[in-house]
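*Asks:* First, the structure itself, so that you have it in front of you.
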Amino acid sequence: MQELAWWQRGVIYEIYPRSFQDSSADGIGDLAGIRQRLDYLVDLGVAALWLSPIYPSPMADFGYDIADYCDIDPIFGTLHEFDFMLEEVHRRGLKMILDFVPNHTSDQHPWFLESRSSRDNPKRDWYLWRDQPNNWLSNFGGSGWEHDPTTGQYYYHAFLKQQPDLNWRNPAVRAAMFDILRFWLDRGVDGFRVDVMWLMIKDDEFRDNPLNPSYTPGTPSINRVLPLYNANRPEVHELVAAMRTLIDSYPDRVLIGEIYLPIQQLMEYYGEALTGANLPFNFQLLQCAWSAEAIAQVLSDYDAALPAGAWPNWVLGNHDQPRIASRVGPMQAAVAAMLLLTLPGTITLYYGEEIGMTNVPIAPENVQDPAERNEPGIGAGRDPERTPMQWDATPLAAFTTGRPWLPIAPDHTNANVAAQYREPNSMLALHRDLIRLRNVHPTLIDGKMQSIAAHNNVLRYQRVDANATLLILLNLSHEQVKVDAGGVILKSTHGDRKGENITHSTFLRPAEGLILKM
Ligand code: NOJ
């Protein structure tokens, strides 16, 4: 295999720090907790950790409202603890990716406190102030504009009113934010996942968005208008390229963008001559129906749209999306794992998916997520997929000794790391084996995607390079299905059949996936 960068070779593991491991008995995860669990991640075989925000924050949006970009929130630890954790990460050959939130700060950030204090404050133009609101909406419900009585103007916030949007057209904002990137890069951080990359720049004329003719009442109100003027503006690409130049001035770092856009627009974030994000997150599987045909279409479309030389990537879960095991059911969750870990490029895995964690129902009085609080009952809430990691079968799942900030899944007595370690056919074992298989057969990482097809709700594709042809067969149905195929089985989702030689055809059991060497 040609020399690949670490972020091309390895699997990225997303940690939601509040929910991974508590070491201080306050019921909220922290950095020391993460440090204590690093050997688990090494054993799982992932290459890098991406941490959702750990900076000082009033936690209106659980850390995505940052009040100081160059420190650690006391809930999570200290800068000293961060350095220690980073050292331990690197000592194990792992990499560390931080979340960078450039679109907005907290309303408690000193910049915003200054900005809102008077119309002629030097930081006034660091945010987006207008005499009158336009029709841009907040992603968390209602208008995107908040009236500020001190100065009688409105400021724009794409998310909560506690998250005012920065004005990236102002060079001083850019300089200050780039200094923050350098602060962490100098500390040894290996890259960034950039929050809402496609929202960073807005129309300079603040034109009204067109109404969405196909809006369905009862779905999130943000969809009432089409985000023509406050998202994916052409000027954003120059900004992404500038970020990339900065990142590339340090050796061996990675720039990842969170981008929810259709495939063609997503691809533009690789940038002119690949000068944009290394990995514009590919969320196509998150919204796709769980059928062989629909997925085959996504795989072909993505492969066809990928610019020459661009490195693909795939995501099946994150802290904003329902758990895959709840979306497709426990049996198909294993098929989903085999799908994800046999796709080309960089794979991102959300914590807990490797043990089949499911959405945990949250009683109305326990709701934490502002998305759910603002627009209750329409499925906007993200608490269900943010519940504590399930380490063992004890009442608090070995996550904390305090009162967990979100409830622990009732099924944690079965679905937990300790139990699945002992069980050779567990989800955990499947993930570990599939990740190892990517390393043993690098064709799974950088081989071509070929012969994608769907038939009888079986999805098949080949991964091909000069060394090997691997055939992947995924039964998305709950029936036994006969398939034409030939080769030696490297792996079944069901744990058995390894080494079985198939000459012409075979049967896939319900929800069985196979990897064959042809
Ligand atoms: C995207 C993040 O993933 C989400 O959790 C957050 O609420 C918004 N951006 C606002 O930062």
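*Asks:* Answer yes or no: is there a residue in the range 401-412 that is closer than 30 Å to residue 312 by Cβ, aliphatic (A, V, I, L, M), within 16 Å of the ligand (Cβ to nearest atom) and in contact with a Pro (Cβ under 9 Å, 6 or more places away or on another chain).
*Replies:* no
*Asks:* Under 8 Å between Cβ atoms, which residue pairs at least 6 apart in sequence (or on different chains) link something in the range 366-393 that is within 20 Å of residue 142 (Cβ to Cβ) with a partner that is among the small types (Gly, Ala, Ser) and assigned to a helix (DSSP H, G or I)?
*Replies:* Close Cβ pairs (under 8 Å, with a partner that is among the small types (Gly, Ala, Ser) and assigned to a helix (DSSP H, G or I)) amount to 375/221; 380/371; 381/371; 382/371.
*Asks:* Output the number of the condition that residue 387 fails; it satisfies all remaining conditions of (1) within 26 Å of the chain's Cα centre (by Cα); (2) surrounded by fewer than 16 Cβ atoms within 10 Å (Cβ to Cβ); (3) polar (S, T, N, Q).
*Replies:* Looking at each condition in turn, residue 387 falls short on (2).
*Asks:* How many of the residues making up the range 142-160 are surrounded by fewer than 20 Cβ atoms within 10 Å (Cβ to Cβ) and assigned to a loop (DSSP other than H, G, I, E, B)?
*Replies:* The number of residues fulfilling the criteria is 5.
*Asks:* If I filter the range 316-334 down to residues being crowded, with 22+ Cβ neighbours inside 10 Å and out of contact with any helix residue (DSSP H, G or I) (no Cβ under 7 Å at 6 or more places or on another chain), which single residue comes out as farthest from residue 385 (Cα to Cα)?
*Replies:* Residue satisfying both the conditions and the ranking: 332.
*Asks:* Tell me whether the range 96-114 contains one or more residues that are assigned to a loop (DSSP other than H, G, I, E, B), away from the ligand (no atom under 16 Å from the Cβ) and modelled with pLDDT of 95 or more.
*Replies:* No: zero hits.
*Asks:* Moving to a separate point now. On the given criteria, is residue 393 within 30 Å of residue 512 (Cβ to Cβ) and either away from the ligand (no atom under 16 Å from the Cβ) or part of a helix (DSSP H, G or I) (or both)? I'd like the intermediate steps shown before the answer.
*Replies:* Details: within 30 Å of residue 512 (Cβ to Cβ): yes; either away from the ligand (no atom under 16 Å from the Cβ) or part of a helix (DSSP H, G or I) (or both): yes.
The answer is yes for residue 393.
*Asks:* Which is surrounded by fewer than 21 Cβ atoms within 10 Å (Cβ to Cβ), more than 21 Å from residue 392 (Cα to Cα) and not assigned by TED's automatic domain parsing to the domain that holds residue 480, of 442, 424, 407?
*Replies:* Criteria check complete, one pass: 442.
*Asks:* Have a look at 192, 183 and point out the one that is more than 18 Å from residue 221 (Cβ to Cβ) and buried (at least 20 other Cβ atoms within 10 Å of the Cβ).
*Replies:* 192
*Asks:* Those residues that are among the aliphatic types (A, V, I, L, M), within 18 Å of residue 17 (Cβ to Cβ) and out of contact with any helix residue (DSSP H, G or I) (no Cβ under 6 Å at 6 or more places or on another chain), I need them from the range 401-416; list them, please.
*Replies:* As a first pass, look at the range 401-416 and keep what is among the aliphatic types (A, V, I, L, M): 406, 408-409, 415.
Narrowing the set further to residues that are within 18 Å of residue 17 (Cβ to Cβ) leaves 406, 408.
Passing the criteria: only 408.
*Asks:* Identify, by number, the condition in (1) surrounded by fewer than 17 Cβ atoms within 10 Å (Cβ to Cβ); (2) away from the ligand (no atom under 16 Å from the Cβ); (3) not in a strand (DSSP E or B) that residue 379 doesn't meet.
*Replies:* It fails just one condition, (2).
*Asks:* Select from the range 40-52 the residues that are in contact (Cβ under 8 Å) with a residue 60 or more places away in the chain, within 16 Å of the ligand (Cβ to nearest atom) and not small (Gly, Ala, Ser) and list them in ascending order.
*Replies:* Matches in the range 40-52: 50 only.
*Asks:* Right, here's the next one. Going through the range 233-265 one residue at a time, which ones are buried (at least 22 other Cβ atoms within 10 Å of the Cβ) and free of Cβ contacts under 8 Å to residues at least 60 places away in the same chain?
*Replies:* Answer for the range 233-265, where residues must be buried (at least 22 other Cβ atoms within 10 Å of the Cβ) and free of Cβ contacts under 8 Å to residues at least 60 places away in the same chain: 236, 240.
The values are calculated or read from the model by the stated rules, or taken from the named source; none is laboratory data. These numbers come from a predicted model, not from an experiment. Here the Cβ is made from the backbone with ideal geometry for all residues, glycine too, and neighbour counts use every protein chain on show.
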